[in-house]
Amino acid sequence: MGNLVLEQVTKLYGNHAACSNISLEIGEGEFFTLLGPSGCGKTTILRMIAGFIKPDSGSIQLGGRNITQLEPEKRNVGMVFQNYALFPFMTVQENVEYGLKVQKKSQGEIKEKSRRYLAMVGLEGFAKRAVSDLSGGEQQRVALARSLAIEPAVLLLDEPLSNLDARLRDSMRTELKKLQKDLGITTVFVTHDQTEALSMSDKVAVFKEGNCRQCSTPEDIYNAPADSFVAAFVGDTNLFPVHFDENCCLLSNGVRLSSIQDESTRYISIRPQSITLSNNNETAEYSLAGTIKEKHFHGAATGWTVDVQGLDFFVSETNLRSKKSNLSPGSKVFLSFSHDDLHPLKK
Ligand SMILES: Nc1ncnc2c1ncn2[C@@H]1O[C@H](COP(=O)(O)OP(=O)(O)OP(=O)(O)O)[C@@H](O)[C@H]1O
Ligand SMILES: [Mg+2]
């Protein structure tokens with residue numbers, strides 16, 4: 001049973017709350033991600049689930065059992081630490097066998113499992129190597145094999161891919177996700193990388209300063225952010241404060257957003273790819289005249305910064321072979337979008 005429930009969990013350091021009143025439900029077999037900037041409390045939450053630190057209040061249940069005060073070795077939780085925390089004077093195999101020895105498994109089982117999990121992470125030939133002689137990516141795999149070998153009910157992964165180069169990180173994302181799915185193991189994954197969170201997770205919880213701002217599917221987090229922090233942190237967006245004057249919603253440059261009726265709206269988010277650039281005044285719900293300030297070529301797409309009456313809009317367009325852009329800095333353009341592309345936010 002691997003479903004994990006955190007109820008109103010708070011951890012204080014002095015009078016600073018590393019996390020406050022966190023309630024999360026992580027289903028059995030789910031890939032669940034804690035996403036947020038540095039210092040928002042991600043590692044603190046993992047350490048409480050693993051039992052290395054105790055919450056000041058609230059409870060943690062695993063498979064229906066209250067484990068809040070249970071010692072770490074009695075929890076059946078495997079953790080890959082942010083810095084891997086391998087035993088430097090042991091070989092790869094000894095590292096993987098360590099947890100199995102603590103569990104007092106038979107010699108036969110220890111050998112069989114260390115072999116199986118090393119093979120699973122692609123390190124068959126590495127058993128006798130000293131971990132100090134491995135690359136960062138290889139060490140990360142050893143740490144993963146070590147935590148999987150004890151066949152935990154929950155796997156906790158603290159930014160396990162952050163030290164890898166971009167290409168290796170991409171392939172490890174795919175491998176890790178496949179391994180997790182094949183084993184069906186409940187996984188809590190920590191990252192500050194929103195692309196990683198969106199592409200790997202069944203559910204994502206977005207944190208800021210010890211508080212959970214939104215917990216939902218990747219699609220929901222991206223398409224229906226709960227507030228301006230989530231909108232800006234997850235994916236690129238144009239985030240503009242708005243005010244109301246005589247019942248009309250206005251951007252700070254005076255542009256009227258007449259389709260926004262709810263006067264509790266404080267911000268508007270528009271994704272860069274929702275805006276179309278053209279030379280002509282389109283018959284869209286909104287069509288704003290502007291001047292291109294900057295062009296950013298990204299290969300698959302081009303980003304444009306466009307000045308609209310003193311406010312910078314960021315627009316992103318896919319680079320199709322058939323579509324050659326004649327736009328450049330200084331060009332006069334129109335930005336068009338519809339009401340559905342505007343995401344009103346209350347805070
Ligand atoms: N042992 C400690 N004593 C005092 N403060 C701590 C301790 N551990 C963490 N903190 C504080 O609690 C907050 C949350 O820390 P935490 O390590 O959980 O952040 P994080 O989200 O994992 O950050 P990062 O992405 O940088 O790893 C930070 O402000 C940190 O300084
Ligand atoms: Mg951390």
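Results, tabulated for the structure shown:
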| quantity | calculated |
| --- | --- |
| Which listed residue, of L176, L155, L168, is away from ligand 2 (no atom under 16 Å from the Cβ), within 18 Å of T33 (Cα to Cα) and in a helix (DSSP H, G or I) | L176 |
| Top-ranked residue in the stretch 8-28 [being surrounded by fewer than 20 Cβ atoms within 10 Å (Cβ to Cβ) and away from ligand 1 (no atom under 13 Å from the Cβ); ranked as farthest from Q214 (Cα to Cα)] | E28 |
| Failed condition for D312, given (1) within 26 Å of D227 (Cβ to Cβ); (2) not in a strand (DSSP E or B) | (2) |
| Selection within the stretch 75-108 - modelled with pLDDT of 95 or more and either under 29 Å from K42 (Cβ atoms) or charged (D, E, K, R) (or both) | V92, E94, N95, V96, E97 |
| Condition check for Q140: in contact with a Pro (Cβ under 9 Å, 6 or more places away or on another chain) and either charged (D, E, K, R) or crowded, with 20+ Cβ neighbours inside 10 Å (or both) | yes |
| Counted residues, the stretch 6-39 - those being among the acidic types (D, E) and either within 16 Å of ligand 2 (Cβ to nearest atom) or assigned to a loop (DSSP other than H, G, I, E, B) (or both) | 2 |
| Residue, nearest to G14 (Cα to Cα), within the stretch 29-43, restricted to residues that are within 8 Å of ligand 1 (Cβ to nearest atom) and open to solvent by 20 Å² or more (accessible area, probe 1.4 Å) | G39 |
| All positions within the stretch 224-250 that are open to solvent by 20 Å² or more (accessible area, probe 1.4 Å) and of a type in the set (D, E) | D236, D245, E246 |
| Some residue of the stretch 190-198 being closer than 20 Å to V154 by Cβ, in the same structural domain as C19 (by TED's automatic domain parsing) and not in a strand (DSSP E or B) | yes |
| Scan of the stretch 124-137 for residues that are open to solvent by 50 Å² or more (accessible area, probe 1.4 Å) and in contact (Cβ under 8 Å) with a residue 12 or more places away in the chain, ordered by number | K128, R129, S132 |
| Meets criteria (open to solvent by less than 50 Å² (accessible area, probe 1.4 Å), small (G, A, S), over 15 Å from the mean Cα position of the chain (by Cα) and within 22 Å of V77 (Cα to Cα)) for A197 | no |
| Positions within the stretch 91-123 being among the aliphatic types (A, V, I, L, M) and either surrounded by 17 or more Cβ atoms within 10 Å (Cβ to Cβ) or part of a loop (DSSP other than H, G, I, E, B) (or both), in sequence order | V92, V96, L100, I110, L118, M120, V121, L123 |
| The stretch 4-22 residues that are more than 9 Å from P55 (Cβ to Cβ) and of a type outside the set (V, I, T), paired with ones that are away from ligand 2 (no atom under 16 Å from the Cβ) and open to solvent by less than 30 Å² (accessible area, probe 1.4 Å) (beta carbon under 7 Å, 6 or more apart) | L4/I26; L4/L62; L4/V154; L4/T186; E7/S59; A17/T10; S20/T10; N21/T10 |
| Condition broken by K54, with the remaining ones in (1) more than 16 Å from ligand 1 (Cβ to nearest atom); (2) on the phi < 0 side of the Ramachandran plot; (3) loosely packed, with under 14 Cβ neighbours inside 10 Å satisfied | (1) |
| Residue tally, condition within 16 Å of ligand 2 (Cβ to nearest atom) and free of Cβ contacts under 8 Å to residues at least 12 places away in the same chain, over the stretch 40-74 | 1 |
| Which numbered condition K208 fails, given (1) more than 16 Å from ligand 2 (Cβ to nearest atom); (2) surrounded by fewer than 21 Cβ atoms within 10 Å (Cβ to Cβ); (3) not β-branched (V, I, T) | (1) |
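Residues are listed down the side, and each one gets a yes or a no for (1) of a type in the set (D, E, K, R); (2) farther than 23 Å from T43 by Cα; (3) away from ligand 1 (no atom under 16 Å from the Cβ):
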{"site": "K128", "(1), (2), (3)": "yes, yes, yes"}
{"site": "E138", "(1), (2), (3)": "yes, no, yes"}
{"site": "R146", "(1), (2), (3)": "yes, no, yes"}
{"site": "P152", "(1), (2), (3)": "no, no, yes"}
{"site": "N163", "(1), (2), (3)": "no, no, no"}
{"site": "T186", "(1), (2), (3)": "no, no, yes"}
{"site": "S199", "(1), (2), (3)": "no, no, yes"}
{"site": "A224", "(1), (2), (3)": "no, yes, yes"}
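The values are calculated or read from the model by the stated rules, or taken from the named source; none is laboratory data. Remember, predicted model here, so these are calculated numbers, not experimental data. Backbone-built Cβ (ideal geometry, glycine too); neighbour counts: all protein chains shown. For accessibility, only protein heavy atoms count, side chains too; no ligands or nucleic acids. Shrake-Rupley method; radii C 1.70, N 1.55, O 1.52, S 1.80 Å.
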